[in-house]
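Heads up, the thing below is written out as structure tokens.
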Amino acid sequence: MKDVEKTNVERRNSGKRMRRRRRNMNLYAVVVIALVLTIGITMSYTFLFNIEEVHISNISERYDENQIFSASGISIGDNLLRLNTEKSAERILDELLYVETAEVNRKFPSSLEIKVTFCVPAFNVEYSGGVLVVSKLGKILENNSFKTDGLPTICGLEPVSTELGQMIRTESEHKNEAFSEIIASIASDENSSVTQVDLNDEFSIVVNYGNGTVFKMGNWNDADYKLKLAETVMNDDTVKGKKGYITMVGTNQCSFRTSEEPVGITAEEQEVSTDASGNPVQPSIKEEANPEQEAIFSQFNSRINENSSENVYAEDDYTYSEDYNYNDYYGEDNYNYNYDYNYDDTYGYRNDYNYEDYNAY
């Protein structure tokens, strides 16, 4: 009996068949993955991630949870993925006048969170048609014919629109920027004593305080820094309790005077003028004074001087200049105090403060 021999027959197209089979497997895998993704996305936008509960933080007596949720335009059962959170937040701000800020957040798999803060009347804004009451961010809350007691007054603005719920805006971008900078600084200071801000000229802003002090701030640049510097000057022992004028000199100095006489610029910033022969000429500075206001200040300050046992110079009028240089405040005690006393027969009282690094505080 003959042995059976087995042989392997190699077909010439076997390699092609294997490659074709692998391509088909890859195609099947792609089709399956695409089908799974399609089903998953469809379910996510229809059956999954639907809103089942809503959390609203910081409600008030003015608006309850139902009013806030209704204003958002969202309903229970809405899909979280289909939700436009920014548009919903804008709807809340538009629908509810006394809502200052609104934030809508998704909480997967089935919750929604709404955070709101409420407006607080913060400023009177005088304009040609009356007085607007605005919030800390400048949202118009009321349109009255009278000022609301206890609120600082901003004058010199002519709003484009007086519609309630709108943010106050003027046609001057400079005034808009000045207004935003100043109200942000005042609103952030709980102890601010500002009573009025004159923005008729945004490059020459005047701020009045409750203690009678007038601050000539100049332009709106670094408004927060300037207002804090003025507060520091008013709280200084040599100035506290007195009425007068604080004027910005340069970018980092303040001058306090009991009269409205002009304030010169510092030596570093002064531009030297010369005559025809090349000799230095001291420029003259002219400014309109307010004798009536100066008389009030002088009378008030004289009573302060009479009642102050610390004021050893109460008998004579004097000019007093102090220059402070604070360097490296957080380092060792490195203070450089330079006191220059100049007594003459003038009626001016002057303190010049130079805080080189005021922001270090």
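Within the stretch 33-52, residues that are hydrophobic (A, V, I, L, M, F, W, C) sit with their Cβ atoms under 7 Å from residues that are surrounded by 12 or more Cβ atoms within 10 Å (Cβ to Cβ) and assigned to a strand (DSSP E or B), at 6+ positions apart or across chains, in these pairs: Phe49/Asn79; Ile51/Leu112.
For Val233, state whether it is among the hydrophobic types (A, V, I, L, M, F, W, C), farther than 20 Å from Ser180 by Cβ and either touching a residue at least 12 places away in the same chain (Cβ under 8 Å) or in contact with a His (Cβ under 7 Å, 6 or more places away or on another chain) (or both). In short, yes.
Identify the residue in the stretch 183-200 that is out of contact with any helix residue (DSSP H, G or I) (no Cβ under 9 Å at 6 or more places or on another chain) and assigned to a loop (DSSP other than H, G, I, E, B) and, among all such residues, is farthest from Glu158 (Cα to Cα).
If we take residues in the stretch 183-200 being out of contact with any helix residue (DSSP H, G or I) (no Cβ under 9 Å at 6 or more places or on another chain) and assigned to a loop (DSSP other than H, G, I, E, B), then Glu190 is farthest from Glu158 (Cα to Cα).
Residue check: is Ile205 crowded, with 18+ Cβ neighbours inside 10 Å, within 30 Å of Leu96 (Cα to Cα) and not assigned by TED's automatic domain parsing to the domain that holds Ala102? Here the answer is no, as Ile205 does not meet what is asked. Highlighted here are the strands (runs of 3 or more DSSP E) found entirely within the stretch 100-182 that include at least 1 residues which are farther than 30 Å from Ile74 by Cβ: 123-127, 130-134, 140-144, 153-155. Filtered by the rule that a residue be crowded, with 19+ Cβ neighbours inside 10 Å and more than 20 Å from Glu142 (Cβ to Cβ), the stretch 164-175 gives a lone residue, Lys175. Per the conditions (1) aliphatic (A, V, I, L, M); (2) farther than 18 Å from Glu163 by Cβ; (3) at pLDDT 95 or above, the sole criterion not satisfied by Val99 is (2).
To keep it simple, each residue is scored yes or no on (1) in contact with a Gly (Cβ under 9 Å, 6 or more places away or on another chain); (2) over 20 Å from Trp220 (Cβ atoms); (3) among the hydrophobic types (A, V, I, L, M, F, W, C).
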site	(1), (2), (3)
Ser128	no, yes, no
Ile140	yes, yes, yes
Ser145	yes, yes, no
Asp149	no, yes, no
Thr153	no, no, no
Glu163	no, yes, no
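For the stretch 107-121, indicate whether the set of residues that are surrounded by fewer than 15 Cβ atoms within 10 Å (Cβ to Cβ), closer than 30 Å to Leu199 by Cβ and of a type outside the set (Gly, Ala, Ser) is non-empty. For the stretch 107-121, residues surrounded by fewer than 15 Cβ atoms within 10 Å (Cβ to Cβ), closer than 30 Å to Leu199 by Cβ and of a type outside the set (Gly, Ala, Ser): present.
For Arg91, the test of being at pLDDT below 95, at negative phi and either outside the structural domain of Leu164 (by TED's automatic domain parsing) or not hydroxyl-bearing (Ser, Thr, Tyr) (or both) is failed.
The values are calculated or read from the model by the stated rules, or taken from the named source; none is laboratory data. Keep in mind the model is a prediction, meaning the values are calculated, not measured. When we count neighbours, we look across all protein chains shown, and the Cβ atoms used for this are built from the backbone with ideal geometry, even at glycine.
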